[in-house]
Structure formats: C-alpha cells, structure tokens
C-alpha cells in the first residue's frame, strides 16, 4: 500500500539570529535517521521538501547517507507557519515576557496561547490566516498522496504542517493540531498510508534512531 513518510526537520538554531539553519547536532540527527532508513531497506519514489533552509539541509543529510538519486521537489505547502509573525501579532496588545526568545518553556507556552488566538481568528493582520494555512497544507497533502506521482514518498517539513496533516487525517478539531505540534521532535517520523481517497495514520513522531542510551541527549524539540 502506498505510504507517505513525513519527517520533521532536524534541530534548527533556536535562539540564534537566524533560526533557519541546522545545528551541528541537527546534521547528525538527520544522518542517524538516514542510517535507520537504510538499515530497514527503505526506498522512496519521491523526495519532497518545503522551501526553508532547515528542510533542504535535512534532505541533503538524508540523501548523502542514502545515496538517494531523486530530484528534490519543492512544495511551499510544507513550509511552517510564520510563528514569529504570529507571536508579533499576538503581542500587539499584550506585554510579552522578557525571556520569550531565550527560554524554551516560556517561548512554547506563549506560542500555544498565540496559536489558539490565531485559530479563533482573534489576531489582527496575522502574516497568514488560520484558514489559509489549513488550505495550503490540505492542498500539499493531496499532492503528496497522489498515487500517480509515486507510491513511496519522503517529505521533509515542519511541526505545524505535519501536525495539521495528522489532524486532518484523524478528522480531529483544530486544537488537536496545536497539541500535536508542541510535542513534535526533531527528525520525528510520521507515516500516512493512502489509497484512492482514503488516508490512515500509521505512525506519529517516532524517533527510533534516537532510542538508545548514548543518544538520549540528542532528542530535541526545536
């Protein structure tokens, strides 16, 4: 049965001036994942990424280990929502904590509240509306699950779009996307099996390549 393997990008540079690039650990996470794919004999008909640097760099690390000779498709529907812009819109009439961009716990707590306001259409002039995000991610899922384009698809994306795809497949309420998104691991693997118009969740946010004692500290969420 055809399947879509969704991989969240490896660790990006949280707290740095430019978040959109992998850390040294991020490159290693992606290589370990590729080794796990190779050890299980996994092959892919298509390789698809979003437009972001962290997506492309994760794909490079994977293809270098897998020797995957596939032209990379670029699909903007796999791009993350503009969380910086959403936080800025949320902050217009609120006082934000000073450690918003330096403390992970504070950052994700405020982001959760901002995303809930975004879904309720309470933000003034966000960079993208919730409905627009929902629509572009839905369009991307349709393209990724088109059996005429390939039956085994590897797609590199971000936590938001992957969580929204899972929420869509499960036909769950919008808030489910936020709950899923805030627990997404770097290089976490999600699988969706598809046939015709039907789609089924097979795996969510798995990191078997990090499930060893010596790699416990390599598990990251940003």
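Quick note: the coordinates plus some simple rules give every number you see, no bench work behind them. From a predicted model like this one, the values you see are computed outputs, not experimental measurements. Here the Cβ is made from the backbone with ideal geometry for all residues, glycine too, and neighbour counts use every protein chain on show.
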Practice item. Find the relative contact order for the chain and round it to a whole percent, using C-alpha pairs within less than 8 Å whose residues are 6+ positions apart. Key: 32 percent
Exercise for review: Starting from one equal scatterer on each C-alpha and no solvent at all, send me the Debye-based log10 I(q)/I(0) for the range 82-127 at q = 0.16, 0.25 Å⁻¹, two decimals.
Suggested key: -0.36, -0.87
**Study point:** Overall Cα dimensions of the chain - principal axes, largest extent first, Å
**Key:** 52, 41, 28
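Given Cα positions, please report Rg to Rh for the range 1-62, the hydrodynamic radius being the Kirkwood one. Intermediate values should be presented prior to the final figure.
Working: Rg = 12.5 Å, Rh = 12.4 Å.
Here Rg/Rh amounts to 1.01.
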Practice item. Enter the angle in degrees (range 0 to 90, nearest 10) between the Cα long axis of helix 130-144 and the first principal axis of the Cα atoms of the chain, meaning the one along which they spread out most. Key: 0 degrees
Check your understanding: Which of 62, 219 comes first, and how do the rest follow, when ranked by fewest Cβ neighbours within 10 Å?
Key -> 219, 62
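Against the empirical 2.2 N^0.38 Å scaling, what ratio does the C-alpha Rg of the range 62-178 come to? Let's see the in-between values first.
On the way: Rg = 16.7 Å, N = 117, 2.2 N^0.38 = 13.4 Å.
With N residues counted in the range 62-178, Rg over 2.2 N^0.38 Å equals 1.24.
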Exercise for review: Any chance you could give the angle, 0 to 90 degrees and rounded to 10, that helix 24-39 forms with the longest Cα principal axis of the chain?
Suggested key: 30 degrees
Point to revise | Helix-only CD estimate at 222 nm, as mean residue ellipticity for the chain, using -39500 (n - 2.57) per DSSP H run (n ≥ 4) | key: -12500 deg cm²/dmol
Revision key, fill the gap. For the chain, the longest principal axis of the Cα atoms and the Cα long axis of helix 159-170 enclose an angle in degrees, to the nearest 10, of 70 degrees
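Sort 70-80, 176-186, 142-152 by packing, meaning the average of other beta carbons within 10 Å per residue, with the highest value first. Don't skip to the answer; put the middle values down first.
On the way: 70-80: 17.5, 176-186: 19.5, 142-152: 15.1.
Going by the mean number of other Cβ atoms within 10 Å, highest first, we get 176-186, 70-80, 142-152.
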Check your understanding: Restricting to the chain, what percent of DSSP beta bridges are antiparallel, rounded to 5?
Key -> 50 percent
Study note, to complete from the structure: If each part is reduced to its alpha-carbon centroid, the range 160-187 and the range 43-105 end up apart, in Å, by 15 Å
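Report, please, the projected area of the range 1-107 averaged over directions, based on the convex hull of its C-alpha atoms, in nm².
Details: hull surface 34.1 nm².
Average of the hull's projected areas for the range 1-107 equals 8.5 nm².
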